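Q: Encoded as structure tokens, here's the structure I'll be asking about.
The values are calculated or read from the model by the stated rules, or taken from the named source; none is laboratory data. A quick note: this is a predicted structure, and the numbers were derived from the prediction, not measured. Cβ sites come from the backbone with ideal geometry, for glycine too, and all protein chains shown count toward neighbours. The accessibility values were calculated without ligands, DNA or RNA, using every heavy atom of the protein model including side chains. Shrake-Rupley method; radii C 1.70, N 1.55, O 1.52, S 1.80 Å.
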Amino acid sequence: MNETANDDNKCLQISKKPFLGGYRHKVTGQIFHHAIIQTCPSPWKYNFALQFNRDTQTVELKDKSQQTPKDASTQVQARNIYLSTANDKVLDATNSYIYADDIKKENLKQIIILQKCIRSWLAFCELLRRKKKALLQILWDKEQLKNKRKEDADWLQDLEIRRLNPKTEDDFKLIFSDLQNWWDSETKSISEVRSGADCKAAMWLLINTEVTKIEKVNKKKDKFGQEQSIQRREKFLERASKSKMWQASNDTVQVHTSTTMRATYLHELYQTLSMNYVSIQDRVDALKNLKEVLKPYHSKLTDNMIQLTNREIDLHLRGIKNAHLKGLQNRIRNLFWQFAKKPVFNPEMQLLTKIKKDDTSSPYIMSCSACKCFYILPISSTDEVLGKSVIENYFTKCKKCLDIENESWIRKDLELYKRMLKLLISEEERQPTKSSIIYILQPSDIGYLTDKIWKHQSCISGSKNDLELELTRFCINKNWTPWNCLLVTRQEANVLSKILDTETKYDKKFKMGASQKHAEARRYFATIPRFLPYLAEDFDVF
């Protein structure tokens, strides 16, 4: 009995469930989430239905015996077999036999013919493509030529409008240039036809005609200057009368202070005094308001203005026409402008007036040889304000005197050179590499480069048509500079831009002439301070 009990215990111990992971309760010993019993197996995800069968893709083979007929077989005569030779024929070899090499040669000929046809078709397609491209290029060139002609016509029309209605200083320079051209043509015709006393009389009449024309131009210029001064003054007073503004979280905040309200009042009063077409009653009311503004102040300026306002009011009451009081009204307006721009009377002007800095550190002093005025020059002064190289030449003419000299007898306008500079900038901006020197060039620099160095004609064809001349690069791979340029026509510039190799583009004689022009330009622009950094860069490259 004991042995059987021991065997049962061994069986129980052997059949004990092994622990394969999960959770066991410490008190009861119960196992949760056991890997074998407590976890259900996952369902089979595949379908057991037969989807593919190889038998449908395999051909069934069958064996079958077949006896060939006599005509479809060959048989050799033997001892036990007799074959009749009555109907046999003997065939001899002829020239119609075709060899394999001949077949290959014939196939090669056919292939070559096919290749010729394909290549001719491809060549024809390429011809059509190039023809279409050439046609589009011709149409594009015609469109560009049409646009440039339209630009030239618009530019000439704009010049004509500016001559009739001058609105800037450049417009008056253009009028004086036309006057000089008229003078040159008239003097040339007189010198060719007449001589002696007749020539002197004709020149005297020509001078009188010129004087009358200059007087008309100067009247227009004076009127334009007065209008410009009035507009500048009104803009200045308008800036002073603007309200104070602050940026808030949602909107801007505007605040009118006592000083801005006074500036606004003075601005409106100046506008009223500047009106030409106003009734006498309104003019008298404006003068009375002006007297009320001037009462609290006692100075030489205010006393003079009060006297002038009383005089004009008295003349209006006497019935004097408004046309006879223009001079008096201009004096009152000018004196009121002096009153309104002083911070003592208009506190807002203190924020707008510029405080001049003390330039005692500047060692350069220039004396104008024409007006005998002295100018203190900063170290970084350029030729744009006071002439050529101001650092090396102190005794030159100031800009004001140069303008008067130009109007007197030189009478040269820079409209053509402005146009050439604009075209140069537009062409250089299309290039992959552009030089910054084009942005510091002035029309006077282009004028010197065109007239003095290149003699105002194309260096290739010698054309002197102003509308066709352009400045282009001498060496396409380098940036444009005054010492790396050519003066050519528009068509010549287009041709030169397509040839990149300078060795094949120019011959030896042309290169020598161009290098002389470039050396001359380098010597001239070396005297101008703003071009010195670009000259130094070129020397570093060499």
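Q: Full-extension gain between ASP466 and CYS117, please, as 0.36 nm times their residue separation minus the C-alpha to C-alpha distance.
A: Working: separation 349, 0.36 × 349 = 125.64 nm, distance 5.50 nm.
Using 0.36 nm per residue and subtracting the Cα-Cα distance, I get 120.1 nm.
Q: Right, something else. LYS133: which aspartates and glutamates have alpha carbons under 18 Å from its alpha carbon, excluding same-chain residues fewer than 8 sequence positions away?
A: ASP141, GLU143
Q: Leaving ligands, DNA and RNA out of it, rank ARG473, ARG522 by accessible area with a 1.4 Å probe, largest first.
A: So, going from the largest accessible area down, we get ARG522, ARG473.
Q: Follow-up. Based on the mean of other Cβ atoms within 10 Å per residue, sort peptides 475-487, 491-503, 95-107 so the most packed one is first.
A: Values: 475-487: 19.5, 491-503: 13.6, 95-107: 8.4.
In decreasing order of mean packing, 475-487, 491-503, 95-107 become 475-487, 491-503, 95-107.
Q: Express in Å², to the nearest 10, the accessible area of LEU206 obtained by rolling a 1.4 Å probe over the protein heavy atoms while all chains stay in place.
A: The value for LEU206 is about 10 Å².
Q: Taking a quarter of the surface of the Cα convex hull of region 208-306, what do you get in nm²?
A: Details: hull surface 43.8 nm².
Computed as one quarter of the Cα hull surface, the answer is 10.9 nm².
Q: Still on this structure, please answer the following. Treating only the Cβ of Lys, Arg, Asp and Glu as charged (+1, +1, -1, -1), what charge dipole size does region 144-186 show about its Cα centre? Round to the nearest 20 debye.
A: Values: 8 positive and 11 negative charges, 62 e Å.
With only Lys, Arg, Asp and Glu charged at Cβ, the dipole is about 300 debye.
Q: A further question follows. Sorted from largest down, give the three principal axis spans of the alpha carbons of region 64-189, whole angstrom values.
A: 139, 46, 18
Q: Let me ask something else about it. From the Cα gyration tensor of region 121-252, with a ≥ b ≥ c the square roots of its eigenvalues, which class applies: rounded if a/c is under 1.5, or else prolate if a/b is larger than b/c, or else oblate?
A: Working: a/c = 7.26, a/b = 1.13, b/c = 6.40.
It comes out oblate by the Cα gyration axes.
Q: Then there's this: About its Cα centre, what dipole magnitude does region 69-208 give when the only charges are +1 on Lys and Arg Cβ and -1 on Asp and Glu Cβ, stated in debye to the nearest 20? Don't skip to the answer; put the middle values down first.
A: Numbers: 25 positive and 22 negative charges, 191 e Å.
It works out to roughly 920 debye.
Q: Mind scanning LYS220/LYS400; LYS220/LYS326; LYS478/LYS511; LYS142/LYS509 and naming the pairs with a C-alpha gap bigger than 27 Å?
A: Working: LYS220/LYS400 19 Å; LYS220/LYS326 17 Å; LYS478/LYS511 16 Å; LYS142/LYS509 34 Å.
Among LYS220/LYS400; LYS220/LYS326; LYS478/LYS511; LYS142/LYS509, the Cα-Cα distance tops 27 Å for LYS142/LYS509.
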